[in-house]
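Here's the structure, in structure tokens; my notes come after.
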Amino acid sequence: MAPVAPRSGDAIFANIERVNAELFTLTYGAIVRQLLTDLEEVEEVNKQLDQMGYNIGIRLVDEFLAKSNVSRCVDFRETTDVIAKVGFKMFLGVTASVTNWDAEGTCCSIVLEDNPLVDFVELPDTCQGLYYCNILSGVIRGALDMVSMKTEVTWLRDVLRGDDVFELQVKLLKQVPEEYPYKDDE
Amino acid sequence: MIGVGKMKQYSNILDKPLTKGKQEVSLSAFAFLFSELVQYNQTQVDNIGELERRLEDAGYAVGARVLELLCHREKGNRRETRLLGILSFVHSTVWKVLFGKVADSLEKGTEHEDEYMISEKELLVNKFISIPKDMGTFNCGAFVAGIVRGVLDSAGFPAVVTAHFVPMEGQQRPRMTILIKFAEEVLRREARLG
């Protein structure tokens with residue numbers, strides 16, 4: 001049977017079940033609010049959001065691979081391209097773009113123009129250090145970790161802090177070769 | 001260059017135009033997010049009652065905002081002041097916007113004057129949740145109960161709202177019911193308004 005061609009992000013998004021983005025936005029807001037009340041330190045909240053994103057990412061990547069039928073990515077460039085075009089579209093309904101490649105091809109920026117997580121959100125003065133969308137950086141890190149790529153994801157630009165777009169920097173730290181978990185001779 | 005404008009930078013969020021509410025995200029994105037919410041709260045509490053309360057509090061905040069948003073956008077800044085009005089607002093408008101369909105049914109409680117029930121065969125939030133045996137009667141619908149309480153409270157109808165599983169004969173899965181018990185003052189006011 002011929003391999004199924006990868007479907008575009010729009011096609012997949014049209015075929016999966018969807019919910020109103022506002023429920024999603026408000027639920028995320030409730031989570032961030034709970035974290036701020038419990039942890040009180042903005043740095044702690046950032047770390048916790050990243051951890052939650054990591055937990056989501058490690059499971060999200062399975063669903064992504066199952067639904068999108070993408071073939072194995074040849075290099076990191078293709079990987080980030082697929083994340084931006086197919087991944088973001090499939091889950092959040094928005095497309096991102098990839099820019100700012102460095103010379104070796106291990107570091108790039110994913111730029112998001114609109115982001116359903118931040119509708120209706122404004123950062124108060126007391127929370128200026130908060131990366132409100134830090135869950136996204138955790139998701140990307142977790143997902144790539146599960147496909148053997150250790151990465152570091154940081155925020156370069158954030159609309160809530162006054163910039164005009166969201167920009168995430170994804171840096172490939174190393175590619176971990178897949179280990180066969182069973183010893184054949186035992 | 002003439003004619004090229006810079007995209008307007010809104011300095012104040014209140015100046016931004018309100019979204020039409022048609023944007024969607026995938027159900028799995030919401031399910032993942034909700035599961036993280038429940039998991040995080042599980043680490044913060046010792047018993048089921050506390051967990052339900054925390055989920056309800058999270059939902060309360062959502063409900064208060066949903067009321068403001070919908071009253072402004074859908075109803076032209078009019079808010080319901082009568083009991084049946086606000087109940088049908090929750091049952092149809094709120095449910096339709098948040099979950100994509102109106103709730104299955106709205107019933108008045110037979111035993112007490114102040115009880116009403118909104119029923120749903122399968123709540124969206126519970127779709128991918130399974131409750132382990134040792135958690136007994138825990139129900140993630142507490143989040144939705146919190147949303148309803150938030151809407152009612154902000155609209156001036158204080159109530160106690162809880163979520164229950166109601167086993168139905170002939171059906172494998174129990175039905176979800178949100179039980180709303182209005183406060184005394186609401187009933188008195190309703191009686192006064194005639």
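The values are calculated or read from the model by the stated rules, or taken from the named source; none is laboratory data. On a predicted model such as this, the values are computed, not experimentally measured, just so you know. Glycine also receives a Cβ, built like all others from the backbone with ideal geometry; neighbour counts cover every protein chain displayed.
A count restricted to segment A:17-45 and to residues that are in a helix (DSSP H, G or I), surrounded by fewer than 20 Cβ atoms within 10 Å (Cβ to Cβ) and either touching a strand residue (DSSP E or B) at 6+ places or on another chain (Cβ under 7 Å) or touching a residue at least 24 places away in the same chain (Cβ under 8 Å) (or both) stands at 3. Checking each residue in segment A:13-28 for being under 11 Å from residue A:116 (Cα atoms) and at the interface with chain B (Cβ under 7 Å from one of its Cβ atoms) picks out A:20, A:21, A:22, A:23, A:24, A:26, A:28. Screening B:163, B:183 for residues that are within 22 Å of residue B:30 (Cα to Cα) and surrounded by 13 or more Cβ atoms within 10 Å (Cβ to Cβ) leaves exactly one candidate, B:163. Restricting to segment B:100-137, count the residues that are part of a helix (DSSP H, G or I) and either β-branched (Val, Ile, Thr) or at pLDDT 85 or above (or both). Total meeting the criteria: 1. I'd like the full set of residues that are surrounded by 14 or more Cβ atoms within 10 Å (Cβ to Cβ) and within 14 Å of chain A (Cβ to nearest Cβ), limited to segment B:92-101. Scanning segment B:92-101 gives B:93, B:94, B:95, B:96, B:97, B:98, B:99, B:100. When B:125, B:161 are checked against the criterion of being of a type outside the set (Gly, Ala, Ser) and closer than 16 Å to residue A:23 by Cα, B:125 stands alone in meeting it. Scanning segment B:53-91 for residues that are away from every other protein chain (no Cβ under 14 Å) and closer than 21 Å to residue B:140 by Cα gives B:90, B:91. Consider segment A:111-166 and keep the residues that are assigned to a strand (DSSP E or B) and of a type in the set (Lys, Arg). The one that is farthest from residue A:77 (Cα to Cα) is A:157.
Contact map, segment B:35-48: residues that are without any contact (Cβ under 8 Å) to a residue 24 or more places away in the chain paired with residues that are part of a helix (DSSP H, G or I) and of a type in the set (Asp, Glu), Cβ distance under 9 Å, separation 6+ or inter-chain. Pairs shown: B:40/A:38; B:41/B:50; B:44/A:38; B:44/B:50.
Condition test on residue A:77, is it farther than 26 Å from residue B:30 by Cβ and in a helix (DSSP H, G or I)?
Taking the combined requirement at face value, the residue satisfies it.
One residue alone among B:119, B:105 is touching a Lys or Arg at 6+ places or on another chain (Cβ under 7 Å), surrounded by 13 or more Cβ atoms within 10 Å (Cβ to Cβ) and polar (S, T, N, Q), and that residue is B:119.
Here's the yes/no breakdown for (1) in contact with a helix residue (DSSP H, G or I) (Cβ under 8 Å, 6 or more places away or on another chain); (2) away from chain B (no Cβ under 13 Å):
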residue: A:96; (1), (2): yes, yes
residue: A:101; (1), (2): yes, yes
residue: A:143; (1), (2): yes, no
residue: A:156; (1), (2): no, yes
residue: A:169; (1), (2): no, yes
